[in-house]
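Please treat every number below as a calculation from the coordinates, not as lab data. Not measured: the values here are computed from a predicted model. Note: ideal-geometry Cβ built from the backbone for every residue, glycine included; neighbour counts use all protein chains shown.
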Amino acid sequence: MCGIAGLLITDPDQRPQLGALLAPIFEAMTPRGPDSAGLALYGDGVEVHKQVGPATKLTADMALADRGGTCGIAHTRMATESAVTTEGCHPFMAGDDVGLVHNGSFSNYATVRRDLAATGVSFDSDNDSEVCCRLLAEQLAAGAGLAEALGSVPDRMDGFYTLLVATPSEMAILRDPAGCKPAVVAEGSGWVAVASEYHALSELPGIDEAHVFEPAPLEVHTWRA
Amino acid sequence: MACVSTDVVVLDAAVDDTRTINRALRALPDGARARIEHARGRHNLAVGLHHPVTVDVVGNAGYYCGALGERATVRVDGSVGWCAGENLMSGSVTVRGHAGQSTGASAHGGLVVVHGDAGARTAISLKGGRVAVAGSIGHAGAFMAQAGVLLVGGDAGDGLGDSLYEATVFVAGRIASLGADARVEDLTDDDVAVAVALADEAGFDHIDATSLTKVTSARSLYRFDALAAQRY
Amino acid sequence: MPRTPRPSATFPAAVIEQIHELSDVGHYEIRGWGAKRAVPSFDDLTFLTSSLTRYPLEGYREAIDTTTVLGAGRAERPLVLDVPITIAGMSFGSLSAAAKEALGRAASAVGTSTTTGDGGMTPEERQASAKLVYQCLPSRYGFTPADLRVADAVEVVVGQGAKPGGGGMLLGQKVGERVAAMRTLPEGVDQRSASRHPDWTGPDDLRIKIDELREATDGQVPIFVKMGATRVPYDVKLAVAAGADVVVVDGMQGGTGATQDVFIEHTGIPTLPAVRQAAEALRDLDVHHDVQLIVSGGIRSGADVAKALALGADAVSIGVAALVALGCNRSTTTGDDRSPPEDVTDDYLALGATPGTCHHCHTGRCPVGITTQDPELEARLDVERASRRVENYLRSLTMELTTLARACGKSDVHNLEPEDLVALTVEAAAMAGVPLAGTSWVPGAGAGLP
């Protein structure tokens, strides 16, 4: 169980501020997941940073506030069934550049993992979220678009989840059929932000004018950079 | 710390932690007014108040705003996270903006008003309280609601009224789907009166109470299979 | 030549009878009590008491401390018990008001706590129980902030051993006028409680819920988190992460007033491995005994209590055993000052049970007035006599506990440790993580979690 945070910059002039805007959202999710933290940062390519410990340490170590870019998705982890290790940190990467962060728990991931392993897919961790990520990667490799691939997750994965996914050009979100785990989206002027709890977004410039909503269950929302 | 400006006690969430703020609110004399500034999505503001005071939250509040309350009036000029007015007993919680999930969950009494939209599981497990939402609500509204009233000025999401007991739901807009054991019933004059009174109290003027859809329990889940009598 | 009838091992008479029953009624069996089948238990452990390597305390003379402090970490007013044996949550509704009051009086007399249950707090219960733990359950039946403020601790119930992952149940015959009013339900409905809380969906949100309860109680009292024993190592760690002051782990032998038999018999792990796993999880987090551990599920004797403490519990909770002490499954009523005990064997037979095998709490027809809402049946339980029995029982358990602890050389029962125990079976050795008696072999040691 965890906190998620994401920020997509749609206004090129604001790209230098990506890190400065994302860092406080990310850090505000620390109480939901104090065990470890991770971030995928998109700009010129994608960088993945993850480490055991609180988000504040990671943002300081990588000087996130000084970094620009188009998009970042981040995760603070309260470990459930798999170990607190760097390998168990989100984001998980599908292929070269598709990042996924997850809040929730999948109830049939062991079976999906076995099925994928039988087709030759290999895994870096024992984490349930990685299974979902590998599943997405398979769909994308088979030619599906991001929205289509994400929309098909409920066909295979059972349980509770809010999934936040990014590619070099898009960010997308999906919640489980019961909408169990939280997500708040704010569509602002020049940016789209996502967090598990609203307070993480409350300091964004222009938040009062943003369109703020909770995505409905099974509704895939995508945004382009 | 609390400081008095005119006759309103001003508390600053940017300075004080939640416990300090709630203690200050509980220490107010009956009839007093307080304002919480810089709420910025803080959770658990104005929780468990049990005397007649009025609390205005400036900005957006987090989870459980005004929850477990009795006799107090809590007003938020922005939006709130999950569970505003949760387990309310009496008094009111009013949200000018939108509300997250489980708004008014298991409220035993009192009034929860949302002027924007409310999320999933609005009025879940409702036990006699009244919840009025000017806009739309998410899925599983009034799930397992036992008593009380949910009034929705906009649309209702999937699974409305699943496993309802004796609570009543009124919806002005469209209902995506009804949940198990929920059914649409004809509006009576009494229903219209109840809805009008609730809309008035909530300050809604956009609802035509005579054209509401009323949802109640079909009561088919109240007992296990009757043939089995006492054998289970 | 006539042959001896040959029963089937796969389909013995009881299984055949059950299939006939299911094929008659078309739904699962519902019943009270806990798992009836045999599972590895504390009976499979024995203490290595003192001889030459260690000195015992004088059994009848030297003082031994049984004081148990729950929630000292964060709460302004921790729950201080004179004995490490508490009464588990059982609702008014499932139990009669008389039974609840008798439990409360007995617990107060020995300086321990009782716990409310799924249905709220009655004034009689608050009056009778000097130390009362107030449960916050998924249903929130009768849950009020006023009762919260007079509670001595709050217990967020995630699940229970009889039905981890399931909600409670109270059949219509027990949903009488007062019970229905307390729970805001129509009289006579088959109440099926929610399995999930209405306002949080995981440990990340539970953390905020626990903060809410702390605000509503002004941080005065401890917050417990209770769960059925399934994925114990993870669940205990998550409860701590969510802010629990005390973790309560209820093993699969734990009882219930009414639940599906399939739940009671086929879910969760026994209390024996659950204690060990829970204690290990707390040690991993370096909070063992700072966050206290209460275990429950099939605790019957002072030996069970001592073994649970030795394996790492700070206290135990008893439910079914307390009801049995009240008079559950006795052939006679308590009697009172005006009338002698009355034989009620026929009433057991009418339920399809006998004194000693009854699990018909769900029917509300309890022959001895404990799990009923029927005024005539309830009158069969004399509160004074029943509470005296429970008081005697709690004192007996405590004496058994201190006897074993003194013999192990402890001046405080909480100084019992796993090294005081060995196992009599390979299964118990593996589950408890102690050596098989006469060997140094701990099966599975070092195999890691879970």
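Observations on the structure shown:
- Mean separation of Cα pairs under 8 Å and 6 or more residues apart, divided by the residue count, gives chain A a relative contact order of 23 percent.
- Counts of other chain beta carbons within 10 angstrom of each beta carbon in peptide B:111-121 average 2.
- Cα shape, region B:29-127, gyration tensor, a/c 1.5 rule: oblate
- Highest mean packing first, where packing is the average number of other Cβ atoms within 10 Å per residue, the peptides B:8-14, A:163-169 line up as A:163-169, B:8-14.
- Short-range pairs are left out: with C-alpha atoms under 8 Å and at least six residues apart, the relative contact order of chain B is 9 percent.
- In this structure, B:Asp186 and B:Asp77 have a Cβ-Cβ separation that, at R0 = 56 Å, corresponds to a calculated FRET efficiency of about 0.90.
- Within chain A, helix-based [θ] at 222 nm, where runs of 4 or more DSSP H residues each add -39,500 (n - 2.57), nearest 500: -6500 deg cm²/dmol
- Local electrostatic count at A:Pro34 - Lys and Arg +1, Asp and Glu -1, tallied over other residues with Cβ under 11 Å: +2
- Summed residue charge, Cβ within 10 Å of A:Ala94's Cβ, Lys/Arg positive, Asp/Glu negative: -3
- Relative contact order %, chain C, counting alpha carbon pairs below 8 Å whose residues are six or more apart: 22 percent
- The protein assembly as shown - share of DSSP beta bridges that are antiparallel (%, nearest 5): 50 percent
- Stretchable slack from A:Glu219 to A:Ala60, in nm (0.36 nm times residue separation minus alpha-carbon distance): 53.8 nm
- GluC sites (Glu not before Pro) lying in DSSP loop within region C:370-443, provided at most 14 other Cβ fall within 10 Å: none
- For chain C, the longest piece that avoids every one of the trypsin sites (Lys or Arg not before Pro) found in DSSP loops with at most 10 other C-beta atoms within 10 Å covers C:62-337.
- Pairs of alpha carbons in the protein assembly as shown whose separation is greater than 47 Å (percent): 27 percent
- Cα gyration tensor shape for chain C, rounded if a/c is under 1.5, else prolate or oblate: rounded
- Neighbour-count ranking [beta-carbon atoms within 10 angstrom, fewest first] of B:Leu164, B:Leu212: B:Leu212, B:Leu164
- Among the GluC sites (Glu not before Pro) in region C:182-236, those located in a DSSP loop and surrounded by at most 13 other Cβ atoms within 10 Å of their own Cβ are C:Glu187.
- Of all DSSP beta bridges confined to chain C, the antiparallel ones make up roughly 25%.
- Extended-chain gain in nm, criterion 0.36 nm per residue less alpha-carbon gap, C:Leu351 and C:Gln173: 62.7 nm
- In region C:43-180, the DSSP beta bridges split such that about 25 percent are antiparallel, to the nearest 5.
- Cubic angstrom per residue, convex hull over Cα atoms of region C:329-392: 85 Å³
- Of the trypsin sites (Lys or Arg not before Pro) found in region B:148-222, those in coil by DSSP whose Cβ has at most 16 other Cβ atoms within 10 Å are B:Arg174, B:Arg219.
- FRET efficiency, 1/(1 + (r/R0)^6) with R0 25 Å, evaluated for B:Ser90 and B:Asp208 via beta carbons: 0.30
- The simple spin-label model puts a point 7 Å past each Cα toward its Cβ; for A:Asp13 and B:Asp12 those points are separated by 3.3 nm.
- With at most 15 other Cβ atoms within 10 Å, longest stretch of chain C clear of loop chymotrypsin sites (Phe, Trp or Tyr not before Pro) (DSSP): C:61-440
- Among residues other than C:Thr357 with Cβ under 13 Å from its Cβ, the summed charge is +3 (Lys and Arg +1, Asp and Glu -1).
- The eigenvalues of the Cα gyration tensor, multiplied by 5 and square-rooted, give region B:98-231 an equivalent ellipsoid with semi-axes of 25, 15, 13 Å from largest to smallest.
- Test item: C:144-154 mean partner chain Cβ contacts at 10 Å: 3
- Peptide B:123-132, shielding by other chains (average Cβ, 10 Å cutoff): 3
- Global form of chain B, assessed from the alpha-carbon gyration tensor, a/c cut-off 1.5: prolate
- Computed from the alpha carbon positions, the gyration tensor of region C:1-87 leads to an equivalent ellipsoid with semi-axes of 50, 27, 10 Å, biggest first.
- With R₀ set to 25 Å, the beta-carbon distance separating C:Asp286 from A:Thr86 gives a calculated FRET efficiency near 0.75.
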